[in-house]
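The values are calculated or read from the model by the stated rules, or taken from the named source; none is laboratory data. For clarity, every value in this text was computed on a predicted model and none was experimentally measured. A quick note on method: Cβ atoms are made from the backbone with ideal geometry, for glycine too, and the neighbour counts reach across all protein chains shown.
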Amino acid sequence: MMTDSSQRVADAGLLADSIRLAGLKVTAPRLAVLRALSDSPHSNADALFGAVHSELPGTSLQAVYGVLAAFATAGLVRKIEPAGSPALFERRVDDNHHHIVCTRCSVVHDVECAVGHAPCLTPADALGFDVRAAEVIYWGLCAQCQLETTHP
Ligand SMILES: [Zn+2]
Ligand SMILES: [Zn+2]
């Protein structure tokens, strides 16, 4: 049985490996942002800053934005931008999964690719494009909000 602290060291090793594999230098803020994203997927920069700041008080919000931009460019994180919401980030990058968003409380969940491969939707006319991906966001009321709106 590993103790909590040795588990944390092992996790840090894995996080560092994935940063290196993406071709980036491992730094303390990058490790902290990636750990925060592992703990809470679909987080925005402000929320990640909150998590990182308690661990590394010297980190600025601007630095967190910089880390996220580098991660997104390197393909280490995926950025999603539901209308009316700040950009959200997640580590799940290697599939064509979609998102379902609550119009009332803004909770975001992953949903599997509707067809099973990208691009999940084929346009009636692709206008000569080689279409690689279709980004789908399903909007609706989550189960909790349905309860709260029918039994206020
Ligand atoms: Zn909701
Ligand atoms: Zn997702």
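Quick notes on this structure:
- Scanning region 89-127 for residues that are touching a residue at least 24 places away in the same chain (Cβ under 8 Å) and away from ligand 1 (no atom under 16 Å from the Cβ) gives PHE89, GLU90, ARG91, ARG92, ASN96, HIS98, CYS120.
- Residue check, HIS98 within 12 Å of ligand 2 (Cβ to nearest atom), under 26 Å from ALA12 (Cα atoms) and within 13 Å of the chain's Cα centre (by Cα): no
- Of all residues in region 54-72, none are at pLDDT 95 or above and either within 11 Å of ligand 2 (Cβ to nearest atom) or not assigned by TED's automatic domain parsing to the domain that holds LEU24 (or both).
- Identity of the residue in region 95-142, assigned to a strand (DSSP E or B) and aliphatic (A, V, I, L, M), that ends up surrounded by the fewest Cβ atoms within 10 Å (Cβ to Cβ): VAL111
- Taken over region 57-79, residues that are hydrophobic (A, V, I, L, M, F, W, C) and surrounded by 17 or more Cβ atoms within 10 Å (Cβ to Cβ) amount to 8.
- Summed over region 80-94, the residues that are surrounded by fewer than 18 Cβ atoms within 10 Å (Cβ to Cβ) and touching a Ser or Thr at 6+ places or on another chain (Cβ under 7 Å) give a count of 2.
- Residue match in region 128-137 (condition: modelled with pLDDT under 95 and within 16 Å of ligand 1 (Cβ to nearest atom)): yes
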